[in-house]
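In what follows, a structure is listed as structure tokens, so that the remarks can point back to it.
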Amino acid sequence: MTHPFLALTDSDREEMLRTIGVSSVDELFRDLPAGVRLGRPLDLEPALSEQELSAHLAELASRNVDTTRELSFLGAGVYDHYVPAVVDTVLQRGEFLTAYTPYQPEMSQGVLQSIFEYQTAICELTGMDVSNASGYDGETVTADACYVVKHATGKTRIVVTEATNPQVRQVVKTYAPGFGLEIVEVPHRGGTTDPDDVRAAAEGAAAVIFQQPNFFGCLEPAPELVAAASDADALAIAHVDPLSLGVLEAPGRYGCAIALGEGQAAGNLMSYGGPHYGFLAARQEFIRRMPGRIVGETVDANGDRGFVLTLQTREQHIRREKATSNITTNQTLLALGGLVYLTWLGPQGLREVGEACLDLSALAKQKLQEAGLELAFDRPTFKEFAVRVGRNARDVIRDARAQGLHPGYALGRDYEGMDDVLLVAVTEKRTPAEIDRLVEVLS
Amino acid sequence: MKLIYERSQAGRRASVIPRPEGLPRTEVPEEFRRTEPPRLPEVPEFELVRHFTELSTRNFGVDTGFYPLGSCTMKYNPRVNERLVGLPGFAFLHPHQEEEGAQGALELEWRLQEILMEVTGLDAVSLQPAAGSQGELTGLMLVRAYFTDRGEIEQRRKVVIPDTAHGTNPASVTMAGFEITHVKTDPRGNIDVEDLRAKVDEHTAALMITNPSTLGLFDENIQEIEKIFNAAGALMYYDGANLNAVCGISRPGDMGFDIVHINLHKTFSQPHGGGGPGGGPIAVRKMLEPFLPVPAAIRRKDGTFGLDYDRPKSIGKVRGFTGPFGVFVRSYAYMRMYGPQLRDMSETAVLNANYVLARLKGPYDLLFDRLCMHEFVLSARNLKRDHGATALDVAKRLMDYGFHPPTIYFPLVVPEALMIEPTETETKETLDAFCDAMLAIAREAAEDVQVLKDAPHDRSVRRLDEVRAAKDPVVKYAFGDATVPAKV
């Protein structure tokens with residue numbers, strides 16, 4: 001038995017078996033009834049060396065068309081933003097990469113302090129008082145928030161706007177039966193949500209969930225939606241794009257109880273959908289209902305500052321069936337990537353990235369309109385917008401890809417009557433020349 | 001050491017954001033505009049790198065040293081996987097890319113599903129769950145969907161969980177809308193079959209266990225347990241946290257389980273990143289396949305790969321897209337580097353654990369004196385009784401010897417528990433050094449217990465006050481505002 005990840009020599013094994021007092025490795029498994037033993041080798045392909053493995057995976061990777069090979073305007077929840085080298089540098093430190101959850105704080109000050117700094121950054125971005133250490137993604141943190149507001153209000157209805165990311169809505173609906181929740185959707189009117197519709201639907205509801213900018217890229221009248229929820233005595237939950245928060249108002253400033261979202265845009269590569277991080281921040285009053293890990297400041301035996309996992313009586317390993325969630329593993333490394341990225345940006349850089357997205361997407365909108373295309377919605381947008389392409393958007397995508405360009409996401413996949421609508425994302429990585437190319441291909 | 005916010009000086013920055021010449025400015029309409037900028041750190045790039053490098057030196061990973069954290073399977077994470085996951089074809093692939101532009105990714109997912117079916121002995125896999133606990137919740141959603149489909153959901157409200165279970169199990173049961181029935185552990189560390197028999201009936205939806213259990217013991221009565229559940233028409237759920245003990249030796253499907261979650265970040269080497277990411281795919285028996293989350297990666301008759309959304313009975317989606325793809329790349333790579341030799345991996349893990357157990361029992365109490373599987377649970381109750389040294393003290397003192405402590409105070413059925421999982425990684429020399437340290441600490445407890453009480457002595461911080469942190473929580477930097485953190 002030789003393998004690069006195994007170390008015991010024959011003499012090691014003999015000595016160890018002698019110490020244990022058995023004569024063979026097989027004997028160590030004597031508690032397994034014969035009826036449950038496999039009794040044959042696993043039917044898997046033979047082991048590969050590192051070199052063979054690398055060739056195999058390079059071949060698989062070569063059959064994917066990624067954004068280094070194809071000019072892409074795809075977004076719809078995951079975005080092609082620039083990720084600086086310092087993110088890789090920090091995440092590849094073995095002390096971070098190969099550590100477990102920081103159960104032993106004296107061995108784990110590095111990751112604990114990092115999470116404390118991350119929580120601070122998320123609170124600053126969102127204008128909230130308390131952030132957890134991350135959730136799985138923008139979808140599951142939204143479901144987590146439903147569990148929080150159900151228990152905070154004692155009500156079992158959740159209102160979600162139809163202009164919220166369809167995957168977010170799907171995940172919330174999947175969780176709902178177990179949580180004992182009823183999910184009600186509010187339609188959009190011309191690309192955004194009408195506060196009056198929200199007010200009517202929110203009567204008797206625990207919370208209203210909306211997305212800002214919404215799935216169509218449009219800016220919702222967020223303060224009015226929050227006010228409408230509040231009129232009906234429901235809490236407001238904003239699903240936000242972290243990269244928009246250098247230019248768009250923080251949800252904490254317009255009365256949201258919870259702000260959450262998908263962190264990928266801030267510091268994670270797209271990686272075919274994950275792993276990324278979901279962030280979840282709330283007002284102070286919800287601190288003891290938060291799902292997942294939270295890091296807090298404390299002192300050590302010398303009175304010096306240190307950090308620990310805190311408020312653990314919320315959590316499953318203490319509270320078991322009465323826990324505020326079942327989360328243990330989260331997305332710490334990806335959240336650390338987010339912190340490094342936000343540190344790299346600083347407040348000025350965050351605003352500039354937001355402005356670049358805003359200005360480049362405005363340029364794309366203008367040029368597409370000049371070329372005779374019609375915008376689906378006449379609303380202010382941030383980095384993404386919906387445009388009518390005159391025929392089935394899926395056909396347009398196929399034809400455009402044949403010319404080496406991915407023009408966006410077909411909204412007809414999720415919305416009735418939108419088969420001819422394309423959702424176009426323009427990040428700071430796109431150039432005016434690339435936008436010209438998009439216009440050329442689409443017109 | 002300073003926080004990154006305490007290194008910040010207004011006007012400094014690490015980033016340059018390119019701005020095309022002549023690009024017109026667009027104003028955000030005033031009602032949407034940010035009024036106050038977020039106070040993110042302002043540091044030059046080299047300060048950023050130094051800050052996080054210094055933080056990393058205050059952390060401990062498998063790359064640093066021995067990490068026998070029970071139930072967490074802290075094995076070596078091959079470096080080649082980090083290179084592979086960074087290939088542009090994986091790292092820069094958009095999840096909404098059309099199927100024909102993602103054939104390599106879809107093939108990888110399909111191949112991973114196939115391998116997991118063979119390892120678990122089950123018929124279908126969903127890769128979507130993001131972690132073990134989400135795998136559990138997804139599995140319980142399948143139980144709900146299955147019994148709803150059969151018209152039995154009103155009747156079957158109970159999920160049976162042993163007292164050795166991970167805390168995630170009962171939490172997941174509640175979140176899935178079921179009720180818990182607790183079952184006891186017998187004197188040999190198995191599930192108490194008589195207690196089980198009395199509690200399983202037509203109201204039972206499922207059993208949820210790890211096997212080997214959190215005591216590191218393979219349940220000798222597993223076939224009897226299967227009979228009880230079969231007779232009651234209830235399903236069996238396998239928490240795969242301990243799968244590292246039995247790969248290629250015994251499969252959950254062959255033990256009678258209908259649903260399994262696999263912790264890719266434990267058994268299959270996804271690095272745990274200081275808390276995540278993980279991966280918690282689930283494997284199920286044929287009759288549960290229609291209820292699995294959408295989409296699944298499939299191989300079509302023409303040999304191409306695609307995503308199948310056509311599952312009318314599906315529970316829906318539990319996570320965005322197809323799951324944490326980067327985790328799949330690493331775990332797939334890892335399993336391909338073992339192939340059928342996964343059995344050697346598990347055998348070595350079990351041998352290492354039994355060796356360390358043999359060297360440590362005696363000086364530390366052992367409640368269930370059997371051969372163990374991949375981990376075992378000692379008790380420091382003898383040190384506490386004789387010298388006042390607790391499991392916590394032993395753990396903290398181990399840090400002074402350069403080892404990460406084991407899991408402590410879990411499982412709950414063992415007082416002063418020390419749960420030790422060496423994994424297959426490690427040389428015999430490392431295992432011996434760890435055993436020597438544990439034995440030295442037991443002697444120190446007798447000779448000078450204060451040296452344990454004051455531990456750790458040479459970490460970046462001394463023992464931390466966790467009670468104070470929870471009493472008056474400070475969960476973000478106050479930016480020099482002396483009135484914060486009083487706001488609770």
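Derivation of every value follows stated rules applied to the coordinates shown; laboratory data play no part. Given the structure is predicted, the values throughout are model-derived calculations rather than measurements. Here Cβ is always computed from backbone atoms with ideal geometry, including for glycine, and neighbour counts include all displayed protein chains.
Across peptide B:237-250, the average count of Cβ atoms from other chains found within 10 Å of a residue's Cβ is 2.
Shielding by partners for peptide B:425-434, expressed as the average number of C-beta atoms from other protein chains within 10 Å of each residue's C-beta, is 3. For region B:138-198, would you read off the P(r) tail past 19 Å as a percentage of all alpha carbon pairs? Tail fraction, whole percent: 38. What's the average, rounded to a whole number, of partner chain beta-carbon atoms within 10 Å of each residue's beta-carbon in A:133-140? For peptide A:133-140, the averaged partner shielding equals 6.
Stokes-Einstein, applied to the Kirkwood radius of the protein assembly as shown over Cα pairs at a viscosity of 0.890 mPa s and 25 °C, places its translational diffusion at 87 µm² s⁻¹.
Across chain A, the relative contact order, built from alpha-carbon pairs under 8 Å that are at least six residues apart, equals 19 percent. Computed from label points 7 Å out along Cα-Cβ, the spacing between B:ASP369 and B:GLU202 is 4.7 nm. Listed peptides B:270-280, A:171-181 appear in the order B:270-280, A:171-181 once ranked by packing, highest mean of other Cβ atoms within 10 Å at the front. As a rough guide to protection, the peptides B:206-215, B:453-462 ranked by mean Cβ packing within 10 Å, highest first, stand as B:206-215, B:453-462.
A DSSP coil position with no more than 13 other Cβ atoms inside 10 Å describes the following GluC sites (Glu not before Pro) in region B:164-222: B:GLU202. Size estimate for region A:86-340 follows the Kirkwood approach: the inverse of mean 1/r over distinct Cα pairs works out to 18.4 Å. Please state, as a whole number in µm²/s, the translational diffusion coefficient that the Stokes-Einstein equation yields for region B:343-469 at 20 °C and 1.002 mPa s, with Rh defined as the Kirkwood radius across alpha carbon pairs. In µm²/s, the coefficient is 143. Applying a threshold of 27 Å to the alpha-carbon distances of B:LYS266/B:LYS428; A:LYS322/B:LYS317; A:LYS322/B:LYS361; B:LYS361/B:LYS384; B:LYS184/B:LYS313; A:LYS429/B:LYS476 flags A:LYS322/B:LYS361; B:LYS184/B:LYS313; A:LYS429/B:LYS476 as lying beyond it. Applying 1/(1 + (r/R0)^6) with r as the Cβ-Cβ distance of B:HIS182 and B:ALA478 and R0 = 30 angstrom yields a FRET efficiency of 0.10. Here the peptides A:194-205, B:238-249 are ranked by packing, the mean other Cβ count within 10 Å, and the order with the highest first is B:238-249, A:194-205. Label separation (B:TYR409 vs A:ILE318): 0.8 nm, computed from points 7 Å beyond Cα along the C-beta direction.
From helices alone, chain B scores -10500 deg cm²/dmol at 222 nm; the rule is -39500 (n - 2.57) for each run of n ≥ 4 DSSP H residues, then divide by the residue total.
Shape annotation for region A:266-389: C-alpha extents along the principal axes are 68, 36, 31 Å, from largest to smallest. Taking chain A as a Gaussian network of alpha-carbon nodes connected by springs under 10 Å, the highest mean-square fluctuation of the residues A:ARG413, A:ARG305, A:ARG388 belongs to A:ARG305.
Taking every DSSP beta bridge that has both residues in region B:83-340, what percent is antiparallel when rounded to the nearest 5? Around 40 percent antiparallel, to the nearest 5. Of all DSSP-defined beta bridges confined to region A:86-340, some 45% are antiparallel rather than parallel.
Test of the criteria: in region B:3-42, which GluC sites (Glu not before Pro) are in a DSSP loop and have at most 14 other Cβ atoms within 10 angstrom of their Cβ? Taking region B:3-42 and a limit of 14 other Cβ atoms within 10 Å, the loop GluC sites (Glu not before Pro) found are B:GLU21, B:GLU27. Amide H contacts of B:ALA124 (H built 1.01 Å from N, in plane; Pro and chain starts excluded): B:VAL284 sit under 5 Å, all sequence-distant by 5 or more or on other chains. Across region A:86-340, C-alpha contacts under 8 Å between residues 6 or more apart give a mean separation that, scaled by the residue count, equals a relative contact order of 27 percent.
All Cα-Cα separations within chain A were binned at 10 Å from zero, giving a P(r) of 4, 18, 26, 23, 16, 8, 4, 1, 0, each value a whole percent of the pairs.
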